[in-house]
Amino acid sequence: MPLAQEDIKRLREKAKDIRKTIVDITFTAGGGHIGGSLSQTDILVALYYKYLNIDPKKPRWEDRDRFILSKGHGGLGWAAILGEKGYFDKALLKNFNKTGSPFGMHLDMLKVPGCDASTGSLGHGLGIAVGLALGAKMSGRKYRTYCVMGDGELCEGSVWEAAIIGAFHKLDNLTAFVDRNNLMIDGPTEEITQLDNINDKFASFGWEVLRIDGHDFAAIGGAIEKAQTIKAKPTVVICDTVKGKCVDYMENDYKWHYGGLDSDMRDKALACIDNYYAKA
Amino acid sequence: MAEGMTWSIEEADKLTQAEVYGQVLTQLGEKDPKIIAMTADLAKSTKIGNFGQKFPERFINMGIAENSLFGVAAGLALAGYKPVVSTFAVFAALRSAEFVRTDICYQNLDVKIIATHAGISFGQAGSTHHCTEDIAVMRSFANMTVIVPADGIETGNAVAAAMDWPGPVYIRIGRGFEPPVNTTADYGFQIGKAVTMREGKDITLICCGVTVLQAARAAKILETQGLSVRIINMHTVKPIDKEVILKAVMETRRIVTIEEHNVLCGLGSAVAEVIVESGKACAFTKLGIPDQYVIVGYPEDLYNHYKIDADGIVEAVSALMGREIEEDENWDDET
């Protein structure tokens, strides 16, 4: 069932709050992976506030849906959501990146409730997600596994190993997303290497492929719901996104893969986010 | 021998290390439905395929994809299963090192790795298939337990014990074909506890894996020369049995380590770390593969070439016995 207008409105409000929290954490932490955290936000918000079958009070509940953030550097944006959902006291986020904090830039499943796998080394998440989805099939559990990858990490061969095995085992309980923001640390993906034809690549590996605007909740919701109906193969949703989304001076600038904010920059960023959501 | 094991010494005598483990794992699988066997196109070579024949629904062959082999194993462990993963040591410890370290050890997951064709057991295959670095790599991973069984019987014991041992375990075995050292399976194998195979007071040989047999042979020769030789089978390289090492330092004052691994960072280094930290000096020699790539050859020839066979050990012991060391009874003047 397509997302209702009130759902979309609610998700937009959440996304706005999360983006502001991302800016705040980046400011207090003294730096962070803000660009990619902002590009992935709408995908994660749709999952966490609409689709994931989870209970923050029972983070290890066996039948919960699993979420793997393969682009672990988006941990800042993920932590903002987990805190808001109530997995832990949001006040802890003030210590992000600080010595002794449970939060490093890349979240640790042994330290952060709600984190289903420690990620950050690129090219690992899809394999773990395939294992989780395979485990559900083997045990007859009904949970679904979701995995968000960065586009740059598609250079890793292990992604394609996992793609082969996921299709081979007909993992229709697995949905992967590619946060296709076109930028890697060193510059545009197409200048560093060649990632175009992502759709064809995944399709040829036996995956159902959907391509959407990764900032359009109706499209994100539609893709997630469509993936739930696909039988006998995993689905990948290629999400066209903007790195640094909503903050005008960061958008589409690879330098904002990682950065720090002074108070002026923070204020400007927060104002940009308000402006974006003030528009219809 | 673990409860419920049905393989006998007579069988183990005739079976390779890998064949024993394939058999033991299959028996364990009957008792524990959480065990999933996994490999990357080496079901036959590693013998983990035995499990797959009995439990096809709990057997996953990844194809030739070692990195995802360990990534998927991590996912299955997170889903509540107990994956047992088998491939050649060179792929498990080197190609996939970061996946083992990050996906499995960092998260302290219950994944057991049985790496075959380790050391120079696949000597004829050439350097791409030799693996004289895996003990070094694996013992440097926090949370990882490293076991190097001496023969098929000990492999069976190690595999059974690993299933009840929390967290990741790396079991290093050869290609097979090694003669057994143990004459019974019921000798009290415990992870982390070395087996003193022979008491002695003049010198201690600390060994693991295939070198245990060579040490036993060397001890017989040395005995005819009037030496009393202690043999310690250090089957668990990590966590290492410090107590047995320090006892050997105090009581024999001369130690030789023997391993089928680069002399850097393996068993010998682990033993040396314990000795040095104790502050009790002793005469010490590490035997193993020098810091270079191994020549092609049959394992037995290579053991001889690199002087980790009985003759090599005898030669090293003779040299060490000739070295002057302080041998008074008073350790208090040493720091």
Exercise for review: With respect to B:L78, determine if the residue is open to solvent by 20 Å² or more (accessible area, probe 1.4 Å), without any contact (Cβ under 8 Å) to a residue 60 or more places away in the chain and away from every other protein chain (no Cβ under 14 Å).
Suggested key: no
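Would you say A:L69 is free of Cβ contacts under 8 Å to residues at least 40 places away in the same chain, away from chain B (no Cβ under 12 Å) and crowded, with 19+ Cβ neighbours inside 10 Å?
Values: free of Cβ contacts under 8 Å to residues at least 40 places away in the same chain: no; away from chain B (no Cβ under 12 Å): yes; crowded, with 19+ Cβ neighbours inside 10 Å: yes.
Here the answer is no, as A:L69 does not meet what is asked.
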Point to revise | Selected residue (only one of B:T128, B:T132, B:T102 is out of contact with any Lys or Arg (no Cβ under 9 Å at 6 or more places or on another chain) and within 14 Å of chain A (Cβ to nearest Cβ)) | key: B:T102
Point to revise | Unmet requirement for B:Y21, which otherwise passes all of (1) in contact (Cβ under 8 Å) with a residue 12 or more places away in the chain; (2) closer than 17 Å to B:H129 by Cβ; (3) not polar (S, T, N, Q) | key: (2)
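Quick one: count up the residues across region A:72-92 that are open to solvent by 50 Å² or more (accessible area, probe 1.4 Å) and under 18 Å from the mean Cα position of the chain (by Cα).
Of the residues in region A:72-92, 2 are open to solvent by 50 Å² or more (accessible area, probe 1.4 Å) and under 18 Å from the mean Cα position of the chain (by Cα).
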Check your understanding: Within region B:55-66, is even one residue touching a residue at least 12 places away in the same chain (Cβ under 8 Å), among the small types (G, A, S) and either surrounded by 23 or more Cβ atoms within 10 Å (Cβ to Cβ) or facing chain A (nearest Cβ under 7 Å) (or both)?
Key -> yes
Exercise for review: Determine the pairs where a residue that is of a type in the set (F, W, Y), located within region B:232-257, has a partner that is open to solvent by less than 10 Å² (accessible area, probe 1.4 Å) with Cβ atoms under 8 Å apart, the partner being 6 or more residues away or on another chain.
Suggested key: none
Point to revise | Selection from region A:84-132 of residues that are of a type in the set (D, E) and either part of a helix (DSSP H, G or I) or within 14 Å of another protein chain (Cβ to nearest Cβ) (or both) | key: A:E84, A:D108, A:D116
Check your understanding: Of the residues that make up region B:12-27, is at least one open to solvent by less than 10 Å² (accessible area, probe 1.4 Å) and within 14 Å of chain A (Cβ to nearest Cβ)?
Key -> no
Practice item. Would you mention how many residues in region B:81-95 are out of contact with any Lys or Arg (no Cβ under 8 Å at 6 or more places or on another chain) and at the interface with another protein chain (Cβ under 9 Å from one of its Cβ atoms)? Key: 0
Check your understanding: Which numbered condition trips up A:G157, out of (1) open to solvent by less than 40 Å² (accessible area, probe 1.4 Å); (2) within 11 Å of chain B (Cβ to nearest Cβ)?
Key -> (1)
Study note, to complete from the structure: Across (1) out of contact with any Asp or Glu (no Cβ under 9 Å at 6 or more places or on another chain); (2) among the hydroxyl-bearing types (S, T, Y); (3) outside any strand (DSSP E or B), B:T285 clears everything bar (3)
Revision key, fill the gap. Subset of region B:224-246, residues in contact with a Lys or Arg (Cβ under 9 Å, 6 or more places away or on another chain) and farther than 12 Å from B:K193 by Cβ, comes to B:S228, B:V229, B:R230, B:I231, B:V237, B:K238, B:L246
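Among the listed residues B:L264, B:L246, identify the single one that is open to solvent by 50 Å² or more (accessible area, probe 1.4 Å) and assigned to a loop (DSSP other than H, G, I, E, B).
On the way: B:L246 fails: assigned to a loop (DSSP other than H, G, I, E, B).
On inspection, the qualifying residue turns out to be B:L264.
The values are calculated or read from the model by the stated rules, or taken from the named source; none is laboratory data. Everything quoted here is computed from the prediction, not taken from an experiment. Ideal geometry is used to build each Cβ from the backbone, glycine not excepted, and the neighbour counts take in all protein chains shown. Please note that ligands, DNA and RNA were not included when accessible areas were found on the heavy atoms of the full protein model with its side chains. Shrake-Rupley method; radii C 1.70, N 1.55, O 1.52, S 1.80 Å.
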